[in-house]
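All of the numbers you see were taken from the coordinates with simple rules; none came from a lab. If you're wondering where the values come from, they're calculated on a predicted model, not measured in any experiment. Cβ coordinates were reconstructed from backbone atoms using ideal geometry, including for glycine residues, and neighbour counts include every protein chain displayed.
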Amino acid sequence: MRHLFLILPVLSALLLVFAAPAFASEDQSYGVPHDVIEAYPAPDVTQLAPNEERINDRIYRRVQGDLQIFNGPNGDYVRTLDAGFNFVTVHRVVDGWAEIGWEQWVRADSLSGNLSPSTFAGVLLPEEPLPFTMAWLLIPGRPSQFPGGEEHDDNPYLSRYTRLSIYDEYEIDGWRWYQIGVDQWIHQTHVAKIEPIERPEGLEVERWVSVDLYEQTLIAYEGQTPVFATLVSTGLPNFDTREGLFHVYVRYERGRMSWLENTPNFYYLQEVPWIQYFDGMIGLHGVYWHDGFGYRRSRGCVNLSITDADWVYRWADEVYTGEEDEEFAVYVYSSGEYR
């Protein structure tokens, strides 16, 4: 029995050695060679400049609780907007009263301070395909030095929305780790990739966009050529953005959105910019109330930054005439299982 007790620890140690994953050693080399990365250190794309004119042409404020509306400063009561996820556009403030529309005034202290819409913007893609997949970083931090490792102080701190190239990948426990630089690896949930797809069957229009629910990205195409890509926010669970091939049937440069009145999920958005409806009341549109692109945030619509929504709207202008099923299409799909 004494000999057995001596053998068992040895066998256990051997089993641990053979069971240990290869990625557990910092001394091993992974991914593409350093010279390949150094020859292509960043995605060869053109960053779209934030459209400051569009971003700042309105004053947006969030409503605090129930909102009583009057026909003028200290004027007659008109109606009450119930509490919810509600936002209004302020035209001017006079003596503590905020004008939010024609003969619509509210007490300014019932509104939040001015919102600062996101300045995030997508990228214009080159004519030739990118040699490596491009991605945006969603979670800021320092990459690991090898797949499966912890953040490493020797690696640079990368901020959210940093553009990256994915040079290689390594799978661990069903999750992928991406090589984004020399001795730099990050978990797949920290990034959102853009991966152009083949033209969907049955699509006959020249200009269309694909929306990947898994990666939370949008790509604009002219024919089969991808020309623009960005991050989006699609529907939350129970408000899922429906998959399929759709055509934009009506568009508004500014429009009101309101739904589920008298319920806990009520929302009222007075002026939503650059709306393009493609599936009932589901559409592409700009948002000023969050900067969470790359994550699901909406009640079914495809949220874009104001800059990106404006770009897609103007780009579609060149072919859109208002005839349904004729000019501009939206293809919604999922490249993986969202978890």
Shape call, region 93-221: gyration tensor on alpha carbons, a/c limit 1.5:
oblate
Dipole magnitude of region 130-195 about its Cα centre (Cβ charges: Lys, Arg +1; Asp, Glu -1), debye to nearest 20
360 debye
Under a point-charge model restricted to the Cβ atoms of Lys and Arg (+1) and Asp and Glu (-1), what is the dipole moment magnitude of region 189-268 relative to its Cα centre, in debye to the nearest 20?
360 debye
Relative compactness, region 57-110, computed as alpha-carbon Rg over 2.2 N^0.38 Å
1.01
Whole-Hz couplings from phi, Karplus 6.51/-1.76/1.60, listed for region 171-180; x for Gly and Pro
9, 9, 6, x, 10, 9, 10, 10, 7, 10
Residue by residue through region 206-218, which ³J(HN,Hα) values in whole Hz follow from phi under the Karplus form 6.51 cos²θ - 1.76 cosθ + 1.60 (θ = phi - 60°), with glycine and proline marked x?
7, 10, 7, 10, 9, 10, 9, 5, 6, 8, 6, 10, 10
Projecting the Cα atoms of Gly181, Phe132, Trp102 onto the charge dipole of the chain, where Lys and Arg contribute +1 and Asp and Glu -1 at Cβ, the residue farthest towards the positive end is Trp102
Net charge dipole size for region 196-333 [Lys, Arg +1 and Asp, Glu -1 on Cβ; Debye, nearest 20]:
660 debye
Gaussian network model of the chain, springs between alpha carbon atoms under 10 Å - residue of Asn74, Asn155, Asn51 with greatest fluctuation
Asn74
Chain lengthening between Arg107 and Ser334 when straightened (0.36 nm per residue, less Cα-Cα):
77.2 nm
Mind pulling the angle between the C-alpha long axis of helix 2-19 and the longest principal axis of the chain? Nearest 10 degrees, somewhere in 0 to 90.
50 degrees
Given labels modelled 7 Å from the Cα in the Cβ direction, how far is it in nm from Glu222 to Glu171?
3.8 nm
Please report the equivalent ellipsoid semi-axes of region 130-195, computed as sqrt(5 x eigenvalue) of the Cα gyration tensor, largest first, in whole Å.
16, 14, 11
The chain pair-distance distribution - Cα-Cα, 20 Å bins, rounded %
26, 46, 21, 5, 1
Please check: in the Gaussian network model of the chain (C-alpha springs, under 10 Å), which one of Phe85, Phe246, Phe278 has the largest mean-square fluctuation.
Phe85
Per the charge dipole of the chain (beta-carbon charges, Lys/Arg positive, Asp/Glu negative, Cα centre), the residue among Val93, Ser116, Ser233 reaching farthest to the positive end is Val93
Debye log10 I(q)/I(0) for region 224-313, one point scatterer per Cα, at q = 0.18, 0.22, 0.25 Å⁻¹
-0.81, -1.23, -1.55
For region 222-339, the charge dipole (Cβ of Lys, Arg +1; Cβ of Asp, Glu -1; about the Cα centre) points to a positive end, and the Cα of Gly280, Tyr249, Asn265 closest to that extreme belongs to Asn265
The chain, helix-only ellipticity at 222 nm - DSSP H runs n ≥ 4, -39,500 (n - 2.57), divided by all residues, nearest 500:
-3500 deg cm²/dmol
Name the most mobile residue of Leu218, Leu269, Leu284, meaning the one with the largest mean-square fluctuation, in a Gaussian network model of the chain with Cα contacts below 10 Å.
Leu269
Sequence-distant or interchain residues sharing an amide H contact under 5 Å with Val182, placed H: which?
none
Which whole-number percent is the relative contact order of region 196-333 (Cα, under 8 Å, 6+ apart)?
32 percent
